Amino acid sequence: MAAGTGRNKDQAVGALLDRLAGEGVGLLTAASVTDVAEREDEGVRVAATVGLRVPTWAAAPSGSADREFGPIRRPGTINLIVSVPVPLADAAYVNAVITATEAKTQALLEAGVRATGTASDAVCIAAPAAGEPEDFAGPRSVWGARIARAVHAAVLAGALQDAAARRRLADGVEPGSVPADGRGALHGGRGSCGWCGGTRARSDKWMLNFAC
C-alpha cells in the first residue's frame, strides 16, 4: 500500500514501480499506512488500513448527497490485502473477495459503525500461481473461514483505532498511532505489505479511489 493524494498519485506510483520488479497490484490511499492492522489465522495473513471518515451503506437512496466531497479532517477508506498460502481457482478468487467483504462489514457493525464500508474500499486477494487450486473460498470452506476470521479481526482492530484517532482529533489532539490493548482501547501496528512477492494477485480495483 502507498499513501498519496490526488495531486501526487502519479509520482507515488512511479516511485514504487522504480523500486519493485515483476507484476503486482498497487493500492493507493490517503490514510496512514503506518497504522496498518495485521492479523493471521492458520496461514491466512491480512493487512488492513481503516479510515472511516465517510462510512456509507452500499445501497444508498438514489439522489443522496455524496459526503465524500465534504470537508476533510481525516482520510477515510478501507484497504484490504489478503494473502492465502494455497492456489485458488478463478471462482474461489471471487468467493474470497465476497467472504472478505462480508467479514469487513461484520467487523464494522460490531465496532458500532452503521455502514457496509466506504465508497472507495478495495480488497486484493493474493495466492500462489502454481499447484492444484482450491475450488471454494466461501465463509464455510476451509480457507474461506480462515479469510473471514483474519479479515474480521484486522478490520475490527483498525476501526477501533480509527475511532480513537477521531476522538483525539475532536479533542484538539493530532491523530497518530494510539497504542493500546483490548477492545476498550485500540489495536494497531506497523508493518510492511510486501508479502505478495512472487505470487499471483487479483484485485476488485486496479487503483483505489482517493478519499481526499
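Annotation: amide H-H contacts under 5 Å for CYS124 (H modelled 1.01 Å from N, sequence separation of 5 or more, or interchain): LEU80, ILE81, VAL82.
Rounded to the nearest Å, what's the spacing between the alpha carbon centres of the range 44-62 and the range 97-138? Just the number, please. About 11 Å separates the Cα centre of the range 44-62 from the one of the range 97-138. Using the Karplus relation 6.51 cos²θ - 1.76 cosθ + 1.60 with θ = phi - 60°, the per-residue 3J(HN,Hα) values for the range 96-106 come to 5, 5, 5, 4, 4, 5, 5, 5, 4, 5, 4 Hz, with x marking Gly and Pro. For the pair VAL25 and PHE136, label points projected 7 Å from Cα toward Cβ lie 2.3 nm apart. Coupling constants for the range 140-157 follow from the phi torsions by the Karplus curve (6.51 cos²θ - 1.76 cosθ + 1.60, θ = phi - 60°), and in residue order they are 10, 7, 4, 7, x, 4, 5, 4, 4, 5, 5, 5, 4, 5, 5, 5, 4, 4 Hz; glycine and proline get x.
Extending 7 Å from Cα along the Cβ direction at ASP90 and again at ALA115 yields two label points whose distance is 3.4 nm. Here the calculated FRET efficiency for GLU42 and ALA15, from their Cβ-Cβ distance with R0 = 35 Å, stands at 0.50, rounded to the nearest 0.05. Rounded to the nearest 20, the size of the Cβ-charge dipole of the range 14-149 about its Cα centre is 600 debye, with Lys and Arg at +1 and Asp and Glu at -1.
Extension gain, ALA59-SER32: 0.36 nm per intervening residue step, less the Cα-Cα distance, totals 6.9 nm. If you wrap the Cα atoms of the range 119-167 in a convex hull and average its projected area over all directions, you get 4.9 nm². Residues SER32, SER62, arranged from fewest to most other Cβ atoms within 10 angstrom of their Cβ, appear as SER62, SER32.
Each reported figure results from applying straightforward, stated rules to the coordinates on display, with no laboratory input. Everything numeric here is computed off the predicted structure, so don't read it as measured data. Because the Cβ atoms are built from the backbone with ideal geometry, glycine has one as well, and the counts that use them run over all protein chains shown.
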